[in-house]
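**Q** Structure in structure tokens, see below.
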Amino acid sequence: MTEQDFIPKSFKNTLDKGSFTWSSPSNIALVKYWGKKKNQIPEIPSIIFTLDTCRTTTMLSFSRKQSDEHFSFEVFLDGKQKDDFKPKIDTFFKRTETYLPFLKDYHFKIETSNTFPHSSGIASSASGMSALALCLMSVERSFNEAEMTNEFFNQKASFLARLGSGSACRSIEGDLIVWGNHKKIYGSSDLYGVKYPFQVHDNFRNYHDTILLVNKGEKQVSSSLGHNLMHGHPFAQERFKQAHNNLSKLINVFKKGDLDAFIEIIESEALTLHAMMMTSLPYFILMKPNTLEIIDKIWTFRQQTGLHLCFTLDAGANVHVLYPESEAEKIFEFIQNELVAYCQNGHYICDRIGFGAKQL
Ligand code: PMV
């Protein structure tokens with residue numbers, strides 16, 4: 001597939017008005033996307049677990065208007081008008097207009113809500129942009145019903161979501177998604193996310209992710225600024241090679257269900273992401289003292305018990321604790337007894353691997 005394949009030829013029956021609702025999940029990267037070219041083309045491939053509980057629900061209502069030079073839309077979060085979301089959506093519409101040529105023919109009302117608190121330090125861009133992209137794809141499909149396969153629908157939704165926020169392209173389907181060209185992963189693409197095509201051992205079924213909210217509130221470094229720091233970064237080329245290698249190694253790890261090897265790759269990826277931020281110019285430390293306390297406790301507990309919990313991090317201070325279903329009871333007890341104390345106001349979210357977006 002190329003970009004050209006996502007430009008629609010013609011629409012048979014456009015509608016005057018309508019509305020569609022999608023609920024789309026967040027995702028957690030195992031091999032991290034950090035560094036991009038223009039239009040969210042990633043420097044490296046990434047692989048993620050789609051989440052289940054952390055979701056955005058978006059209802060998009062559309063009504064025909066006189067076509068003119070401008071996009072016309074209003075945005076609501078939890079029923080309240082959110083004009084500060086508008087610039088990001090305006091940019092998204094500009095980037096996707098070639099592929100959704102009806103955007104200026106309608107007025108859109110975007111009503112959105114998240115299952116996780118807005119200022120929890122969990123980015124809503126992946127779930128939010130994917131939910132919006134899916135709603136727009138439903139509009140497109142309603143104009144050309146018979147001719148669109150589900151495969152094309154998902155691929156184009158992922159392609160559009162990527163133009164809103166890179167990581168959003170990995171939130172359309174589940175449970176394991178790869179985004180970015182990788183020589184060993186057939187069908188992988190820089191343009192959209194694809195389902196991981198190989199065997200995955202039962203050890204990874206129902207994998208848990210308990211998200212410890214160490215620091216709520218706005219991100220210290222925006223993703224765009226962060227990705228840009230990889231341009232001219234002294235360690236960028238080595239990092240890019242490492243990400244390709246880690247994804248290659250994971251193929252065997254997933255097949256064999258090798259949890260020890262999984263832990264080593266996942267924790268190294270998280271720390272490397274932060275190492276890249278500490279060694280860029282300007283430099284940032286995005287972990288907080290409690291992030292390190294949690295990591296230390298996880299390592300000690302793992303050494304003492306041999307249980308297979310590990311951590312990963314996004315570009316912030318919150319800690320995602322990942323662990324298998326078969327050990328969930330003991331590990332969750334440890335989290336409650338030992339780790340929750342390091343969370344801001346004791347807040348954490350219990351999530352697990354999920355299966356992608358749902359139309360409501
Ligand atoms: O989608 P963005 O531009 O917000 O980038 C997200 C990057 C990380 O969360 C740090 C890593 C990843 O792969 O999700």
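**Q** Out of everything in the range 1-50 that is assigned to a loop (DSSP other than H, G, I, E, B), charged (D, E, K, R) and within 12 Å of the ligand (Cβ to nearest atom), what residue ends up being nearest to S222 (Cα to Cα)?
**A** Restricting to residues being assigned to a loop (DSSP other than H, G, I, E, B), charged (D, E, K, R) and within 12 Å of the ligand (Cβ to nearest atom), the top hit is K32.
**Q** Oh, and also: Just to verify a result, which residue in the range 234-262, among those that are within 16 Å of the ligand (Cβ to nearest atom) and among the small types (G, A, S), is nearest to N318 (Cα to Cα)?
**A** A243
**Q** Hey, another quick one. Going through F334, F311, F355 one at a time, which residue ends up being aromatic (F, W, Y) and either under 14 Å from L30 (Cβ atoms) or modelled with pLDDT under 95 (or both)?
**A** F311
**Q** Here is a follow-up. Quick check on this structure: which one of Q359, Q303 is in contact with a strand residue (DSSP E or B) (Cβ under 9 Å, 6 or more places away or on another chain) and either free of Cβ contacts under 8 Å to residues at least 40 places away in the same chain or of a type in the set (S, T, N, Q) (or both)? Steps first, answer last, please.
**A** Details: Q303 fails: in contact with a strand residue (DSSP E or B) (Cβ under 9 Å, 6 or more places away or on another chain).
Going through Q359, Q303 in turn, the sole match is Q359.
**Q** If you don't mind, there's one more thing I want to ask. Yes or no: F76 assigned to a strand (DSSP E or B) and farther than 30 Å from H244 by Cα?
**A** yes
**Q** Away from the ligand (no atom under 14 Å from the Cβ), under 13 Å from the mean Cα position of the chain (by Cα) and either closer than 30 Å to S280 by Cα or assigned to a strand (DSSP E or B) (or both) - does that describe any residue in the range 167-185?
**A** Yes.
**Q** Quick one: would you say V200 is away from the ligand (no atom under 15 Å from the Cβ) and either more than 29 Å from K288 (Cβ to Cβ) or touching a helix residue (DSSP H, G or I) at 6+ places or on another chain (Cβ under 8 Å) (or both)?
**A** yes
**Q** Another question, then. Within the range 141-164, can one find any residue that is in a loop (DSSP other than H, G, I, E, B) and within 15 Å of the ligand (Cβ to nearest atom)?
**A** no
**Q** Now for a separate question. Could you go through the range 224-233 and let me know if any residue there is within 16 Å of the ligand (Cβ to nearest atom) and either crowded, with 22+ Cβ neighbours inside 10 Å or over 21 Å from N39 (Cα atoms) (or both).
**A** Taking every residue of the range 224-233 in turn, none turns out to be within 16 Å of the ligand (Cβ to nearest atom) and either crowded, with 22+ Cβ neighbours inside 10 Å or over 21 Å from N39 (Cα atoms) (or both).
**Q** Which one is farthest from the ligand (Cβ to nearest atom), of the residues in the range 51-63 that are surrounded by fewer than 20 Cβ atoms within 10 Å (Cβ to Cβ) and closer than 24 Å to R141 by Cα?
**A** The residue in question is S63.
**Q** Can you tell me which residue within the range 264-280, out of those that are among the aliphatic types (A, V, I, L, M) and under 20 Å from the mean Cα position of the chain (by Cα), is nearest to the ligand (Cβ to nearest atom)?
**A** Let us first name the residues in the range 264-280 that are among the aliphatic types (A, V, I, L, M), namely 265-266, 270-271, 273, 275-278.
If we keep only those that are under 20 Å from the mean Cα position of the chain (by Cα) as well, we get 265-266, 270-271, 273, 276-277.
Numbers: I265: 14, I266: 12, A270: 10, L271: 13, L273: 6, M276: 10, M277: 9 Å.
The extreme case among them is L273.
**Q** Given the residues T112, T98, which is the only one that is among the β-branched types (V, I, T) and surrounded by fewer than 18 Cβ atoms within 10 Å (Cβ to Cβ)?
**A** Testing whether each residue is among the β-branched types (V, I, T) and surrounded by fewer than 18 Cβ atoms within 10 Å (Cβ to Cβ) leaves just T98.
**Q** For the subset of the range 279-330 comprising residues that are part of a loop (DSSP other than H, G, I, E, B) and among the aromatic types (F, W, Y), which member is nearest to N345 (Cα to Cα)?
**A** Within the range 279-330, the subset part of a loop (DSSP other than H, G, I, E, B) is 279-288, 306-309, 314-318, 324.
Checking the rest, the ones that are also among the aromatic types (F, W, Y) come to 283-284.
Numbers: Y283: 28, F284: 25 Å.
Checking each candidate, the answer is F284.
The values are calculated or read from the model by the stated rules, or taken from the named source; none is laboratory data. Every value quoted in this text rests on a predicted model; they were computed, and no experiment measured them. Virtual Cβ from ideal backbone geometry, glycine too; neighbours counted across all protein chains shown.
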